[in-house]
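The values are calculated or read from the model by the stated rules, or taken from the named source; none is laboratory data. Predicted, not measured: the structure shown is a model, and the values here were computed from it. So basically every Cβ, Gly included, is an ideal-geometry build from the backbone, and we count neighbours across all protein chains shown. SASA here: full protein model, heavy atoms, side chains in, ligands and nucleic acids out. Shrake-Rupley method; radii C 1.70, N 1.55, O 1.52, S 1.80 Å.
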Amino acid sequence: MKKILICCVHANNRRVNMNIYDISRPSFWTCDGCDRSIRDGEYRHNCTICEDFDYCEQCANTISPPHPHPMREELAYGRIPKSSITAVDMATGIEKAFDMYCNRPCMGIRDIDKSNPSVYLDSYTWLTYKVIGDRTKNFANGLRNLIKPRGYLGICAANRPEWLITDFACMLQSIITVPIYCLFDSREMAFIIDNTQISVIVCDKKMLSRFIQLAAKCSSLQYIICMDPIDATMSISANSNVTLCYMGDVEELGANTRYARVNTKPCDCLTIIYTSGSSGFPKGAIISEEAYRATFANWFLDCVSLRVTFSYRPLAWASDRDAAIGSFIGGGQIGFSTGDVNRLIEEIALVRPTRFSAPPSIWNKIYVEYKTAVSVIDPQLSPTEKEREEDRLLKQFAKLIPTRCKILTVGGAKVSPTVWNFMKRCFRDCRINESYGITECGSVAYNNLLENNIEYRLESVPEMGYTIDDRPYPRGEILTKTTQMFSGYVNNPEETRASLTKDGFFRTGDIVEIRQNASGQPDVQVIDRKKSFFKLSQGQFIAPEYLQSIYICSPFVEQIYIHGDLLADTISAVVVPNRAYAEKFILDHNIQNFDMNNPCPQFCDAVLQDLRSIARQQGLRVHEIPSHLIIDFEPFTPENGLLTSSFKSCRHKLAAYYGDRLRAGKTIDQRLKTIVEIATGQSLSMDNDEHSLFSSGGNSLTAVRLSRMIEKDFGVPVPIGVLFEPDMTVERLTTLITDPSKLSSMSQPIVHKLLNDSQLDLIIDKNKPKKVVDLPSIIFITGTTGFVGAFLLAELLKTYPSNCKFICLVRCENSSVNLMDRIQATMRFYQIWKDEYQERVIPLQGDLSQTYFGLDNEHYELLAKQVDLIFHCGATVNFVLPYSQLYGPNVCGTREIIRLATHSTAFIPVQYISTVSVLPGHIKEEISIDNISPLGLTSGYGQSKWVAEKLITKASQFGVPVVIYRLGSICAATDTGACNRNDIHTLLFAAMMKLGAYPKRQTNCSIHGLAVDFTARSIVGLSRVQHDRNGKVYHVINPVHSVLFKDIVNSINRCSSPLIGVSHDKIFYKKVILPKTLKYLLRNIPALFLI
């Protein structure tokens, strides 16, 4: 018998098993080159474009000319041996799948570059069913040493093989699994652990620190198992009884200790799935073994149909977990997303799923972007040409889905008929399905047809105007009873009683209309949610989700929220416009100086008229047509709380944010409180007058957002610096908005404060000697996780001998984070890390803004004695934050460097990295800071660095050896092109390449930047020859040579598609925006897949 040896590799690249494939047995595939059957265990090369086109290994390597399309190497397999065993329970079925499909690929993870783990390769590694089966059984046996059958185990991790391995292992030992959604906050996670008395948590390294922090709060928790190797710095508090374990160690333990499989009774709980709860805490739906098994209708499939599932949404969600397990028990493959939203489209292309499911929000977005692309078609084209162009656009959008994907499913909510019809036109090679299911009772309907095994009834909801006597079709809330029914909510009898009727039906909360199809079967149309409706002043009830599904079809609308209350006689709408369509409208109507924070009446009226036109076309009633409109270009997202984690409208938060602008009667302080809470994420109490706006920390983006929101709502521009005042409360801010004249008194020049701060008493003993060491053994350096600091460290490592060590101060609020990993990750990104640096770099956790860097006396004394030379590069570089917010890291940080340099018996030389931002524009000379006035400094960054340089200069006058390097604009490295991602030039060039255009008005400009590696070499070189030179100032800039902007454009033209020179007029839109719209839209669709 002819056999082939195949190596199976574990996800961490350790060789763990070897399988023998019987290649005498044919596979399901035939070579389209030589027409022979590809054997079981051979590799086939499958075309990513053509339908069902494969080459065997030999033809793929020898046929000339080669196939014109890209081909992917995949393992071929054939029919499984006949078996009379059927799945009588989940555990039996899981074990049987391991055995029957042992040589098939089971789970795939994306490959990474071994030399640079942050880089993903365009390939997946697939683990076979046997590898997954062996690991599952070993882990199941290992778990029995930590938890008894019928105990509760939580799973909280990104999608990966270990998630399902844990799930399967628990099924084999009758351990109850509790999936925990990674985006739950700590309060919700602690509630779930306590509510189910979880004793074991299995998580990944990203979630590990969260559960370590929760360990002391959750008395039932005994073990935390990490799927990844545990860093030595991770530890549990000594007062905690929780033990940390590595999953690989538990598997190894299980390989040496065997336990018999423990059967779960059909009526026993198999898993608890948490859903949102009305009380503010999640509700845990109890799912029995029998109910969960009923989810999977098809076991042990043996057909030629390939089944590949792309797992990208959280496995903690019932639907996505079911999809993965359904693929598994059918002998299919599960390819896992990396979790990076920006890589999802390319990962779909790599995994090439045979079916793909997404919620309506994604399909709505694709449809809106298609409509936007259609809107930019030249209106002068003939009807035939327009039709041809629309068809071309449909084909372009269809490429979002791989060729072999033949089934698309809409799930999670109702999709509008317009979007449904678009999907059928666009993805014409796919079967489009719509599923309707609920966590508590499983699948209810498929393509609007009720499942065969379901019992249901309607109940009238007269307060909403829906009754079972409605004509032509009965309407009401649908109540269901299914074979997949939950058993209630764990430890929550109130919610259980409210959700289940006495005869066991589940109240879904969905309002449906029951029709009949041509065959006489019930056709279910979900038309509303019972909890989302509201009543207007005349008594009419409004179904907002239904109206939103209609109005979303407007090309103006990206997102929409329908609002109303008892005081209004019509509805209002909040619209987030589609930016591309808005830009087209602005161009077509020659609107000048359009302000997105305050859109002009012409634009608002156009949006409102379009909504009314759609309402008339759909036959909506008068009170269902918006009479008032708010335009907000800031999108609803899970991050700002206006969408749920599953991208559904979070109506109560939308009402809180926009309701005060739509309803009358709210006071200024109430409106302001809502805005502050949305912008900062803080929960404010109106009766707490002492609550500072940024008492728990803030950043410049939050301040900018808050300032803009205040101006948009109240029309009063509030300077960012005012918001950062330490005593700025909601009450005080209300006073300023009520009387804007008071703001002027707060905008007095800051010069007086700068002068006072620059005179801080440093307490330095002038009589100390200087510490002069030609070859220092220990160098202290700050700022190594920044752009310049990372290159400076790399240059020092290259320059000084191998016995020289570098203590790197790293600020990190979370003590569980590995500091060396942060330094390595930064340097790897800039392509300057070498493994030999590991032994010479000593990370030290500390904070520049704290006394002694936050170190205890013992460690600080040791540090001061050991250090021979200091490089101070650390600073917060931010041109938006006010001086008060930069005082700590930049001013106090420099004071602490001076304290360290003068603490021991001899002064330690300091190489101080400053900035030309301390200079007014007219000064170019390398003069002392004492000769520079702060009057011309306007940014908080320049002001803070001016004060800091004054302090370091004062220290030099006391005898401390100080050399000052004022840096100018720093650009990319000369050898690798590694650049600062947040630099304004980087952002500009990236935008030019993405748009395929450049601003004409910049053509004659030039850039005086200095390469970061040359900058680092210059600093280190000067420091070596004059490290004890006192008070010397160097300007590390490029004052003579510059790069012409037009030369940069020419270089980009040679490396990529030509750039078009544009100005801010119609030519810009016609030559750039319109042709690039489709490409831009397709590129931004992955953001919708965020999980």
- So what's the Cα pair-distance distribution over the chain, bin width 10 Å, in %? 2, 8, 15, 19, 21, 18, 11, 5, 1, 0, 0
- For the chain, longest principal axis from Cα atoms; helix 161-172 axis from its Cα atoms; angle between them, nearest 10 degrees, is 50 degrees
- Query: Where does each of ASP1013, ASP727 land when they are ordered by accessible area, with a 1.4 Å probe and the largest first?
  - Reply: ASP727, ASP1013
- Message: Taking just the alpha carbons, could you work out the radius of gyration and Dmax for the stretch 758-971, both in angstroms?
- Response: 16.8, 48
- Pairs LYS371/LYS1000; LYS371/LYS414; LYS924/LYS950; LYS798/LYS865; LYS994/LYS1046: which are spaced more than 27 Å apart, C-alpha to C-alpha? LYS371/LYS1000
- Task: List the longest stretch of the chain that has no exposed loop site; here a site is one of the GluC sites (Glu not before Pro) assigned by DSSP to anything other than H, G, I, E or B, with at most 15 other Cβ within 10 Å.
- Result: 52-638
- If one takes the longest principal axis of the Cα atoms in the chain, at what angle in degrees, from 0 to 90 and to the nearest 10, does the Cα axis of helix 819-829 lie? 90 degrees
- Query: To the nearest 10 degrees, how steep is helix 1045-1055 against the longest Cα principal axis of the chain, on a 0 to 90 scale?
  - Reply: 40 degrees
- Antiparallel DSSP beta bridges within the stretch 308-527, percent to nearest 5: 65 percent
- Item | Rh by Kirkwood over Cα pairs, then Stokes-Einstein D for the stretch 308-527 at 0.692 mPa s and 37 °C, µm²/s | 165 µm²/s
- Note on the structure: Along the stretch 244-258, Karplus-curve 3J(HN,Hα) (6.51, -1.76, 1.60; θ = phi - 60°) to the nearest Hz, with x for Gly and Pro, reads 8, 9, 9, 4, x, 5, 5, 5, 5, 4, x, 5, 9, 10, 10
- Query: Taking +1 at the Cβ of each Lys and Arg and -1 at the Cβ of each Asp and Glu, which of TYR436, ALA1016, ASN931 sits farthest along the dipole of the chain towards its positive end, judged by Cα position relative to the Cα centre?
  - Reply: ALA1016
- Message: Please report the carbon-and-sulfur percent of the accessible area for the chain; probe 1.4 Å, protein heavy atoms only, DNA, RNA and ligands left out.
- Response: 50 percent
- Calculated from DSSP H runs of 4 or more alone, at -39500 (n - 2.57) each and per residue, what is the 222 nm mean residue ellipticity of the chain, nearest 500? -10000 deg cm²/dmol
- Message: Under 14 Å from a point placed 7 Å out from the Cα of ASP99 along the Cα-to-Cβ direction: which residues of the stretch 241-272 have their backbone N that close?
- Response: 261
- Message: Using amide H atoms built in the peptide plane, which far-off residues or other-chain residues are under 5 Å from HIS1035 H to H?
- Response: ARG966
- Qualifying trypsin sites (Lys or Arg not before Pro) in the stretch 951-999, DSSP loop, other Cβ atoms within 10 Å at most 11: ARG981
- Note, ILE1052: beta-carbon cut-off 12 Å, +1 each Lys/Arg, -1 each Asp/Glu, net +2
- With every protein chain kept in the model, how would you rank ILE438, ILE329 by accessible area, 1.4 Å probe, largest at the top? ILE438, ILE329
- Note on the structure: With the charge dipole of the chain built from beta-carbon charges (+1 for Lys and Arg, -1 for Asp and Glu) about the Cα centre, the Cα from VAL557, ALA294, PHE328 projecting farthest to the positive end belongs to PHE328
- Message: So if I take the centroid of the Cα atoms in the stretch 333-355 and the same for the stretch 450-526, what is the distance between those two points in Å?
- Response: 36 Å
- With label points set 7 Å from each Cα along the Cα-to-Cβ direction at THR48 and ARG79, the distance between them in nm comes to 3.4 nm
- Query: About the Cα centre of the chain, what is the dipole size in debye to 20, counting +1 per Lys and Arg Cβ and -1 per Asp and Glu Cβ, all else neutral?
  - Reply: 1520 debye
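Of all DSSP beta bridges in the stretch 187-293, what percent run antiparallel (nearest 5)?
45 percent
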- For GLY133, the net charge from surrounding residues (Cβ-Cβ under 12 Å; K, R +1; D, E -1) works out to +2
- Query: Which value, in debye to the nearest 20, gives the size of the charge dipole of the stretch 308-527 about its Cα centre, when Lys and Arg are +1 and Asp and Glu are -1 at the Cβ?
  - Reply: 700 debye
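What percent antiparallel are the DSSP beta bridges of the chain, to the nearest 5?
50 percent
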- Just going by the charge dipole of the stretch 458-589, with Lys and Arg at +1 and Asp and Glu at -1 on Cβ, which of ILE468, LEU479, SER572 is farthest out on the positive end? LEU479
- Message: Heavy atoms only, 1.4 Å probe, whole protein assembly: order MET171, MET71 by accessible area, highest first.
- Response: MET71, MET171
- Magnitude of the Cβ-charge dipole of the stretch 119-228, K/R +1 and D/E -1, about the Cα centre, nearest 20 debye? 320 debye
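Using a 1.4 Å probe, what is the accessible area per residue for the chain, in Å²? Please report the intermediate quantities before stating the final value.
Details: 49260 Å² over 1091 residues.
For the chain, the per-residue accessible area is 45 Å².
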